[in-house]
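The values are calculated or read from the model by the stated rules, or taken from the named source; none is laboratory data. None of these values were measured; they are calculated from a predicted model. Cβ coordinates were reconstructed from backbone atoms using ideal geometry, including for glycine residues, and neighbour counts include every protein chain displayed.
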Amino acid sequence: MPNFAVFNPRPDSLKALIYGSNDGGTTTQVLNTDTNGKLNMATVDTISAISAGTLTSVGTVSTISAIEAGTLTSVGTVSTISALVTGTLEAVSGATITTGTLAAVSGATITAGTLTSVGTVSTISAIEAGTLTSVGTVSTISALVTGTLAAVSGATITTGTLAAVSGATITAGTLTSVGTVSTISAIEAGTLTSVGTVSTISALVTGTLAAVSGATITTGTLAAVSGATITAGTITTISEANFTQFSTTDLNFTNTSFTPISSSTITRDTYKYKTYSYFIVNQTGSSVVDLQVEISSDGNNWFVDNSVSSLAAGSVEVLTSIRFLKYTRLSYKTAGNSTIDVYLDAQV
């Protein structure tokens, strides 16, 4: 046509409207963009794959089939993420991940579901009604509310409550204020403190039991038990811990009246022992010695309970108390110059 240009000499001024339809073209709508030309999408039903790039500030997404090497940031609600390959999830609430791998999760709260076969986790802020299974190393679990820990190595739980722990091995650390524990398979170099009831401890290697009531230890070794009260049960095959020996030797004296042995190992509280006896040796060349066992309830007032007279030089004698009181001591006297050896053998 004359006087009409076929081509627009200003291509930058060209504009077009893009329409979309959800009913096969019967009704069309102009697609909306922001000031930078990016599409505004309030709701996305399905994203088949994010292969690269970033999704930021998305309101609601029903399903993301796969995130491959991308980033999902500041998303309100994601119903299902089928697979996360090498991407990153940040600030996602209510997501369910059915397959794939989470390479790094920061600041996540697991409210329900299961974490299985996790390699290394630095910090889990909270597990609420979920399950953590077959995890290699967890540095810190800040709070475990009503979930389950199974086969977790090297975890430190600083607060919260363990409602049920199945098949756990405590290799180090401290369990404090535990209500009831059915079975502890093994405590290795840990501490169990202020526990209400422990049904069975299969093995205690180098740990410590403090204030445990009603525990049954079927195997293992208790290296040292301090301040324990055993109210019921059976102690079987105690090696050296059931026998204790105290002694004072080369005790030389010329006392003509009964004088108690001052050594605290011989004059002592004997109420804790099941049975005990004094073994006295009057050394060769000594004068004849008289001996008596004295008992006391307060450690100040003493009662003569048993005695022996005229123990000759080179002779031995065994003395034990006939009656029971809290404290026991041995007193001696001689008419000349005597030297004796005294041993107190006690059995728990």
Tell me which of these Ile280 doesn't satisfy, since it passes every other one: (1) at pLDDT 95 or above; (2) touching a strand residue (DSSP E or B) at 6+ places or on another chain (Cβ under 8 Å); (3) loosely packed, with under 15 Cβ neighbours inside 10 Å. (3)
Residue check, Glu317 crowded, with 19+ Cβ neighbours inside 10 Å, acidic (Asp, Glu) and either assigned to a strand (DSSP E or B) or out of contact with any Pro (no Cβ under 6 Å at 6 or more places or on another chain) (or both): no
Condition met for Ile295 (surrounded by 15 or more Cβ atoms within 10 Å (Cβ to Cβ), farther than 14 Å from Val281 by Cα and at pLDDT 95 or above): yes
Matching residues, segment 258-310, being aliphatic (A, V, I, L, M) and assigned to a strand (DSSP E or B): Ile280, Val281, Val289, Leu291, Val293, Ile295, Val304, Val308
Of all the residues that make up segment 281-332, how many are of a type in the set (Val, Ile, Thr) and under 52 Å from the mean Cα position of the chain (by Cα)? 8
